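Asks: Mind looking over this structure? Questions follow.
The values are calculated or read from the model by the stated rules, or taken from the named source; none is laboratory data. Everything numeric in this text was worked out from a predicted model, so none of it was measured. Counting neighbours? That spans all protein chains shown, and the Cβs are built from the backbone with ideal geometry, glycine included. Note: accessible area is taken over every heavy atom of the protein model, side chains too, but ligands, DNA and RNA are not part of it. Shrake-Rupley method; radii C 1.70, N 1.55, O 1.52, S 1.80 Å.
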Amino acid sequence: MEVTNKHIVLNTENLSIGYTSKKEQTIIASDINIKLGQGELVGLVGANGIGKSTLLRTLTKVQDPIKGQVFINSIPLEKQNALDLAKTLSLVLTEKLISKNLTVFELIALGRQPYTNWLGSFSKTDIDMVYRAIRLINIESLKDKKCFELSDGQLQKVMIARALSQDTDLIILDEPTTHLDMYHKAYILKLLQKLAKETNKTILFSSHEIDLAIQLCDKMIVMTESQVVSDEPCNLISNGHFENLFPKDLIAFDEKTGSFRVKK
Amino acid sequence: MQYQNKYTVTLIALGILLILCFFVNISLGSVSIPKSDIFNTLFGSTENTSLKYIIVDYRLPKAFTAMIVGSGLGISGLMMQTLFRNPLAGPFVLGITSGASLGVAIVTLGASLFSGILLVMFTTKWTLVIAATLGSFLVLLTVLIVSTKVRDAMAILIIGLMFGSISAAVVSVLSYFSSAEELQQFVFWGFGSLGSLSWQELFILFIIYSFGIILSLGTIKSLNSLLLGENYAKSLGLNIKKSRLIIIISTSLLAGTITAFVGPIAFIGLAIPHITRQLFHTSNHKILLPAVFLLGAIIMLICDSIAQLPSSDYTLPINAITSLIGAPVVIWLLVRKRKMMF
């Protein structure tokens, strides 16, 4: 791996993730050591049920690690309170909005909440940040629409704009391309690549679009039963990590095209 | 901000309408009083003592009570609907009202069962108020604790209704063992009445209500982020547990004390937020909260004016009027827009 002086935004040390119930601990994955530098677009891939969501939940402090630590900007996650964390980490989740009866502008402006006073009044900076997010995502025409008028693809863009307006070093997206058609899957991931470059934010997303991720990401995290590896996509391909991603009876990874093929 | 400007006009219009409704409400009643006399009594001095008595000691406190009840129940319903992510939530459905009536029932009806200290103080209104507030707070707290275990919002509503049934059952058991006099006191409380408050009681109600309203202002920001769902709200730095507690305390202060003073008022808490959403086309609580406040007060004043049956000696139970007037309004709004706003 090349040696860079990039500022490390998120890293983990010997992280083990899983669930603790009253009786026992279920470890889903262990010895996870990942480093995400500033301005990197990182894709997290793995089969269904391998623990992608659990890893994201642990990285975002929704659940506690079983062992090891997560650092954001070199500060251990457990030492950051909710408000501090809200200023360094923003999320785009898969869950549905409770109410779609807000305008796009109002929704994006909610991203400014960590910075506003107890009544949530906006300063000029807040308004500027909202407009900046709207410009970056190129959704000026949607600004005054209600969220229930939007298509799935438009709503996903708006949710990304909301995360952007939160002005954090790190944005984590949980499967941002589900429910989208092929064009919009590519559109959203390409948009994330552009944002990482232009805003120098670190963007981590989980996805099942492995071929698209290989083409667009600076780095990828591959989760398999045995290990969690993170590296640049080309290195991951040459080291054969994608071959172990799925059971081998149906599909096989084709190194030349960087995509999976159905076995004849 | 540009988005708030277009709502400001509507809010001001509602404010004017509220003042208008207030004066109409005062000028209507079983005794018809000429407009000029009413203004003389309110703003000048009048020698007519019976006029003065009717207006200052009866109609004026009743109008204020109506405004407090309408706005307070409306706001508590709004907070419930957003907190429980459910358009059906409201003080009545979630068992707050039943909790309050259970509290009142224990004090009025159970007095003979738990003789001693309770017997001495059960007739005072303050005991009723404290019992009703405590009752509603406890029910809401239980519903909330259960709601953290059950993620499904529908389940929470059903649990709220179950608590309502349990309270109703306990009330029946208590009434079986109580004297006719005690039973009468409880039944009258259950009819709901805006006109029974003295200035002193109104003052106490107003103070507690103000606490509830001030707390509710502090929840605007968290309510807005809760529109995104709890996980998003958390990622915006919101302390969910603290916000929930503030919302619950504010709701039980508002709904609990109002129910304690004027009896259970059906429908208002559930319907006012819906009527407001339909009129204002938004879920932004910064607009909804003041709008619910004004509309709640206006609608309650109108309901009370109708309940008076102007120029007749009859006064209908306010509880019936709120549903008779309000339910068709909600049905009409939903049918007209074909879509529920939430």
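Asks: Does at least one position in the stretch B:109-129 carry a residue that is of a type outside the set (Val, Ile, Thr), at pLDDT 80 or above and either open to solvent by 30 Å² or more (accessible area, probe 1.4 Å) or in contact with a helix residue (DSSP H, G or I) (Cβ under 6 Å, 6 or more places away or on another chain) (or both)?
Replies: Within the stretch B:109-129, not a single residue is of a type outside the set (Val, Ile, Thr), at pLDDT 80 or above and either open to solvent by 30 Å² or more (accessible area, probe 1.4 Å) or in contact with a helix residue (DSSP H, G or I) (Cβ under 6 Å, 6 or more places away or on another chain) (or both).
Asks: Could you say whether any residue in the stretch B:30-39 is over 22 Å from B:Thr65 (Cα atoms) and open to solvent by less than 70 Å² (accessible area, probe 1.4 Å)?
Replies: Yes - at least one qualifying residue is present in the stretch B:30-39.
Asks: When only residues in the stretch B:211-235 that are over 16 Å from A:Arg112 (Cβ atoms) and polar (S, T, N, Q) count, which is nearest to the other protein chains (Cβ to nearest Cβ)?
Replies: B:Asn231
Asks: Here's something else I'd like to know. I need a count of the residues in the stretch A:109-129 that are closer than 26 Å to A:Leu36 by Cα and more than 7 Å from chain B (Cβ to nearest Cβ).
Replies: Qualifying residue count for the region: 4.
Asks: Which residues, taken from the stretch A:210-231, are in contact (Cβ under 8 Å) with a residue 40 or more places away in the chain and either surrounded by fewer than 16 Cβ atoms within 10 Å (Cβ to Cβ) or outside any strand (DSSP E or B) (or both)?
Replies: Correct list: A:Ile210, A:Asp211, A:Ala213, A:Ile214, A:Gln215, A:Leu216, A:Cys217, A:Asp218, A:Thr224, A:Glu225, A:Gln227.
Asks: Another question about this same structure. Might you check whether a residue that is within 18 Å of the chain's Cα centre (by Cα), at pLDDT 85 or above, open to solvent by 40 Å² or more (accessible area, probe 1.4 Å) and not hydroxyl-bearing (Ser, Thr, Tyr) occurs anywhere in the stretch B:46-65?
Replies: Yes: the stretch B:46-65 contains one or more residues that are within 18 Å of the chain's Cα centre (by Cα), at pLDDT 85 or above, open to solvent by 40 Å² or more (accessible area, probe 1.4 Å) and not hydroxyl-bearing (Ser, Thr, Tyr).
Asks: Looking at (1) part of a loop (DSSP other than H, G, I, E, B); (2) modelled with pLDDT of 90 or more; (3) more than 14 Å from chain A (Cβ to nearest Cβ), can you tell me which one B:Leu238 breaks?
Replies: Among (1) part of a loop (DSSP other than H, G, I, E, B); (2) modelled with pLDDT of 90 or more; (3) more than 14 Å from chain A (Cβ to nearest Cβ), the lone unmet condition for B:Leu238 is (3).
Asks: Would you check which residues across the stretch A:132-155 are within 14 Å of chain B (Cβ to nearest Cβ), surrounded by fewer than 15 Cβ atoms within 10 Å (Cβ to Cβ) and either among the hydroxyl-bearing types (Ser, Thr, Tyr) or assigned to a helix (DSSP H, G or I) (or both) and list them?
Replies: Once the filter is applied, which keeps residues that are within 14 Å of chain B (Cβ to nearest Cβ), surrounded by fewer than 15 Cβ atoms within 10 Å (Cβ to Cβ) and either among the hydroxyl-bearing types (Ser, Thr, Tyr) or assigned to a helix (DSSP H, G or I) (or both), the stretch A:132-155 yields A:Phe148, A:Glu149.
Asks: Something else now. State all residues of the stretch A:67-105 that are open to solvent by less than 60 Å² (accessible area, probe 1.4 Å), in contact with a helix residue (DSSP H, G or I) (Cβ under 9 Å, 6 or more places away or on another chain) and not aliphatic (A, V, I, L, M); if no residue qualifies, say none.
Replies: Scanning the stretch A:67-105 gives A:Gln69, A:Phe71, A:Asn73, A:Gln80, A:Ser90, A:Ser99, A:Asn101, A:Thr103, A:Phe105.
Asks: Taking B:Leu294 and the conditions (1) under 27 Å from A:Asp144 (Cα atoms); (2) open to solvent by less than 10 Å² (accessible area, probe 1.4 Å); (3) of a type outside the set (Gly, Ala, Ser), which numbered condition does it fall short on, given that it satisfies the others?
Replies: The number of the failed condition is (2).
Asks: Tell me which residues, restricted to the stretch B:89-114, are in contact (Cβ under 8 Å) with a residue 12 or more places away in the chain, away from chain A (no Cβ under 14 Å) and not in a helix (DSSP H, G or I).
Replies: B:Gly90, B:Pro91, B:Phe92, B:Val93, B:Leu94, B:Gly95, B:Leu109, B:Leu113
For every residue, the table says whether it meets (1) small (Gly, Ala, Ser); (2) in contact (Cβ under 8 Å) with a residue 24 or more places away in the chain.
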{"site": "B:Gly192", "(1), (2)": "yes, yes"}
{"site": "B:Ser198", "(1), (2)": "yes, yes"}
{"site": "B:Ala233", "(1), (2)": "yes, no"}
{"site": "B:Leu254", "(1), (2)": "no, yes"}
{"site": "B:Gly263", "(1), (2)": "yes, yes"}
{"site": "B:Ile268", "(1), (2)": "no, yes"}
{"site": "B:Pro273", "(1), (2)": "no, yes"}
{"site": "B:Ile287", "(1), (2)": "no, yes"}
